[in-house]
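A short write-up of the structure that comes next.
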Amino acid sequence: MKTLKAFLIIFLLIGFSQLKSDEKKDELKNKILKNIRCLICQGQSVYDSESDFASSIKLIVDKKFNDGMSEDQVYRFLKEKYGDWVIYDPKLNKNTYILWLLPLLLFLVGGAIIRKNLIFKK
Amino acid sequence: MKNKLNLIILFIFLIFCLVIFYKGLDNPNTYTPKINGEKNLPVFKAKDFTSNNYIESDNVFAKESYYILNIWASWCVPCRKEHPLLMELSKNQSIKLIGLNYRDNLNNAKKFINELGNPYDKILIDKDGTLAVEFGAYGVPETFLIDKNKKIIKKFVGPINKKIVKEIKLFIK
């Protein structure tokens, strides 16, 4: 009886941990899909879209994920096929440095102007 | 003097903004992925339209020829429009046409080919659209020009026209 109980507990624990890891995988997959732009219904993410393109991307992300690709590798694969624009969160590279650096530059210039004016007023 | 300088800077900034926004008006508000440079062909396994057997990409694309990969479907209206041009291209001996039947009903696809003619040397089935993604396509019709080194050198989004056919013929000359 004791052995049976032990087996049952082990079985339940394994099942539970499996369920937990599947849940984590699904969360990561959804995060990736929410970060991919649908090229058919632009303005929507692949996660939200019901278009043929979006459903194909959902399948391919699933496949790549099962093949052992990481989040970054999936993004790299899609960027290679469709360009940087397909990802909502573009990384810093030679095509996006203005996008990333301009707000910082404006902030610094704005800050400098405000500081200068405050000193001038004093 | 200082106020004047500030005004000039403000004026230049406003002109800069105006130019940026004016240029933006001319740009289409939909994004079309472009092919920057040559791209390698994806490695895949797909079902053959006629035999229903699986074939590998190496058996579809050999090294000695130019290829056109055309993504089509029986439900796609522009595909009907471009079909006569594909038939014309199929007469050219120095190019082979591969069709990729995209998310289609097999019976409807067969009817389409029987009705309009078969320009393709081989037709592959892409039931779920994932093979089209491997090629970097996002709709139908799309046409890819593949060179003798198995590189995708050109991509045409939408139905091909006479100008594109001319361009393809120039490439393979």
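The values are calculated or read from the model by the stated rules, or taken from the named source; none is laboratory data. Not measured: the values here are computed from a predicted model. Here Cβ is always computed from backbone atoms with ideal geometry, including for glycine, and neighbour counts include all displayed protein chains.
For the range A:32-47, does any single residue satisfy the condition of being at pLDDT 85 or above, over 19 Å from B:ALA132 (Cβ atoms) and basic (Lys, Arg)?
yes
Would you point out the residue of the range A:51-84, among those that are within 13 Å of chain B (Cβ to nearest Cβ) and assigned to a loop (DSSP other than H, G, I, E, B), that is surrounded by the fewest Cβ atoms within 10 Å (Cβ to Cβ)?
If we take residues in the range A:51-84 being within 13 Å of chain B (Cβ to nearest Cβ) and assigned to a loop (DSSP other than H, G, I, E, B), then A:ASP67 is surrounded by the fewest Cβ atoms within 10 Å (Cβ to Cβ).
For the range B:88-104, give me each residue that is within 14 Å of chain A (Cβ to nearest Cβ) and assigned to a loop (DSSP other than H, G, I, E, B).
Result: B:ARG103, B:ASP104.
For A:ASN93, only one of the following conditions fails: (1) surrounded by fewer than 10 Cβ atoms within 10 Å (Cβ to Cβ); (2) not charged (D, E, K, R); (3) not in a helix (DSSP H, G or I). What is its number?
(1)
From the residues in the range A:33-44 that are surrounded by 16 or more Cβ atoms within 10 Å (Cβ to Cβ) and more than 7 Å from chain B (Cβ to nearest Cβ), which one is farthest from A:ASP89 (Cα to Cα)?
Looking at the filtered set, the residue picked out is A:CYS38.
Please give the number of the condition B:TYR120 fails out of (1) closer than 19 Å to B:ASN53 by Cα; (2) within 14 Å of chain A (Cβ to nearest Cβ).
(2)
If you scan the range B:151-169, which residues turn out to be outside any strand (DSSP E or B) and surrounded by 16 or more Cβ atoms within 10 Å (Cβ to Cβ)?
Listed by number, the residues that qualify are B:PRO159, B:ILE160, B:ILE164, B:VAL165, B:ILE168.
Suppose the filter is within 30 Å of A:TRP85 (Cβ to Cβ) and free of Cβ contacts under 8 Å to residues at least 60 places away in the same chain; does B:VAL43 pass it?
Yes; evaluated as a whole, the condition is true for this residue.
So, in the range B:123-150, how many residues would count as being outside any strand (DSSP E or B) and within 14 Å of chain A (Cβ to nearest Cβ)?
Residues flagged as outside any strand (DSSP E or B) and within 14 Å of chain A (Cβ to nearest Cβ) within the range B:123-150 amount to 15.
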